[in-house]
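*Asks:* Let me begin by handing over the structure; questions about it come next.
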Amino acid sequence: MQNNPIRKLGDIGLYVLEDLGRMGIYLLRMVLGSFKRPFRLAECIKQIRFVGAGSLVVIFFTAMSTGMVLGLQGYYSLSKFGAEGMLGSAVSLTLIMELGPVLTALMVAGRAGSAMCAEIGIMRISEQIDALDCMAVDPYRYLISPKFIAALISVPLLTAVFDVVGIAGGYIAGVHLMGVNPGSFIDGMQTSVTNHDIRLGFIKSVVFGILVVWICTGRGFFVGRIRGAGFGAESVSKVTTQAVVLSSISVLIFDYLLTAVLL
């Protein structure tokens with residue numbers, strides 16, 4: 001009976017349903033914890049500094065390289081049709097609507113999300129979270145909600161930085177390296193980018209920020225209940241890897257869903 005494949009499939013299905021329910025309740029309590037007093041303003045600022053300011057360097061270099069690659073490849077493709085003047089439109093729309101929010105969320109998940117998961121996971125296995133419960137301190141308000149608020153503020157701002165730096169990189173590559181007319185580059189960008197495009201990129205960045213902090217902190221918070229994670233330090237390492245992978249996949253899936261619904 002132990003090797004029955006139907007029983008194994010049932011066990012996996014029950015675990016997935018239990019995990020989805022647990023994470024759904026976790027998300028609700030994380031959001032509600034953000035409105036409970038007393039507010040931990042100092043901790044929120046600390047987390048904003050960690051998630052936002054601490055990610056500026058990696059966001060800057062990722063955006064610059066992405067924008068310059070888009071400028072070079074866009075010029076190569078558009079020059080075949082004699083449409084080099086549309087380079088500004090192509091670069092700006094691609095960054096604002098698609099690559100800016102997605103790459104920002106992936107970088108934040110790899111840098112800040114993994115650290116959040118490991119921090120919460122270590123606190124769980126060392127019974128620090130259990131100690132908070134014993135002292136009647138809400139761990140969601142005390143630990144999780146400041147990270148949630150920080151991600152909700154930082155990820156859209158980092159996306160805006162990514163868009164500006166990326167467009168500057170595309171301008172450098174297209175205008176200064178490939179000789180595109182600077183007036184046509186800027187005019188194409190101004191005429192093609194609308195408020196709807198900017199709004200779509202902003203909505204994506206907010207949703208991606210929620211996904212990253214929800215999955216990464218949630219995996220660490222429930223480290224002892226994750227199937228196949230093991231025990232002790234090994235469980236934290238496995239769950240941290242799982243959190244980054246799951247959050248990255250979720251960002252890509254929701255990117256398609258939001259584009260299909262809101263475009």
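*Asks:* Restricting attention to region 196-231, which residues are crowded, with 16+ Cβ neighbours inside 10 Å, under 17 Å from Val245 (Cα atoms) and of a type in the set (Lys, Arg)?
*Replies:* Selection gives Arg219 alone.
*Asks:* Could you please give the count of residues in region 162-188 that are in contact with a Ser or Thr (Cβ under 6 Å, 6 or more places away or on another chain) and farther than 17 Å from Ser79 by Cα?
*Replies:* Counting residues in region 162-188 that are in contact with a Ser or Thr (Cβ under 6 Å, 6 or more places away or on another chain) and farther than 17 Å from Ser79 by Cα gives 3.
Listed here are the residues, each with its yes/no results for (1) out of contact with any Gly (no Cβ under 9 Å at 6 or more places or on another chain); (2) in contact (Cβ under 8 Å) with a residue 40 or more places away in the chain; (3) of a type outside the set (Gly, Ala, Ser).
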{"position": "Gly169", "(1), (2), (3)": "no, yes, no"}
{"position": "Asn181", "(1), (2), (3)": "no, yes, yes"}
{"position": "Ile186", "(1), (2), (3)": "no, yes, yes"}
{"position": "Met189", "(1), (2), (3)": "no, yes, yes"}
{"position": "Arg219", "(1), (2), (3)": "no, yes, yes"}
{"position": "Tyr256", "(1), (2), (3)": "yes, no, yes"}
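*Asks:* A further question follows. Determine which single condition Val58 fails, assuming it passes every other condition in (1) at pLDDT 90 or above; (2) more than 18 Å from the chain's Cα centre (by Cα).
*Replies:* (2)
*Asks:* With respect to the numbered conditions (1) surrounded by 21 or more Cβ atoms within 10 Å (Cβ to Cβ); (2) free of Cβ contacts under 8 Å to residues at least 12 places away in the same chain, which one is the sole condition not fulfilled by Ser126?
*Replies:* Unmet condition: (1).
*Asks:* Sticking with this structure for a sec: Take region 203-220 and flag every residue that is farther than 18 Å from Ser55 by Cα and of a type in the set (Phe, Trp, Tyr).
*Replies:* Trp214, the sole residue that qualifies.
*Asks:* Taking the stated definitions as given, is Ile129 hydrophobic (A, V, I, L, M, F, W, C), part of a helix (DSSP H, G or I), at pLDDT below 90 and more than 24 Å from Asp163 (Cβ to Cβ)?
*Replies:* Details: hydrophobic (A, V, I, L, M, F, W, C): yes; part of a helix (DSSP H, G or I): yes; at pLDDT below 90: yes; more than 24 Å from Asp163 (Cβ to Cβ): yes.
Spelling it out, Ile129 is indeed hydrophobic (A, V, I, L, M, F, W, C), part of a helix (DSSP H, G or I), at pLDDT below 90 and more than 24 Å from Asp163 (Cβ to Cβ).
*Asks:* Give Asp187, Asp197 a once-over and let me know the one that is part of a helix (DSSP H, G or I), farther than 23 Å from Pro156 by Cα and of a type in the set (Asp, Glu).
*Replies:* On the way: Asp197 fails: farther than 23 Å from Pro156 by Cα.
Testing whether each residue is part of a helix (DSSP H, G or I), farther than 23 Å from Pro156 by Cα and of a type in the set (Asp, Glu) leaves just Asp187.
The values are calculated or read from the model by the stated rules, or taken from the named source; none is laboratory data. Because the structure is predicted, anything quoted here is derived from the model rather than measured. Glycine also receives a Cβ, built like all others from the backbone with ideal geometry; neighbour counts cover every protein chain displayed.
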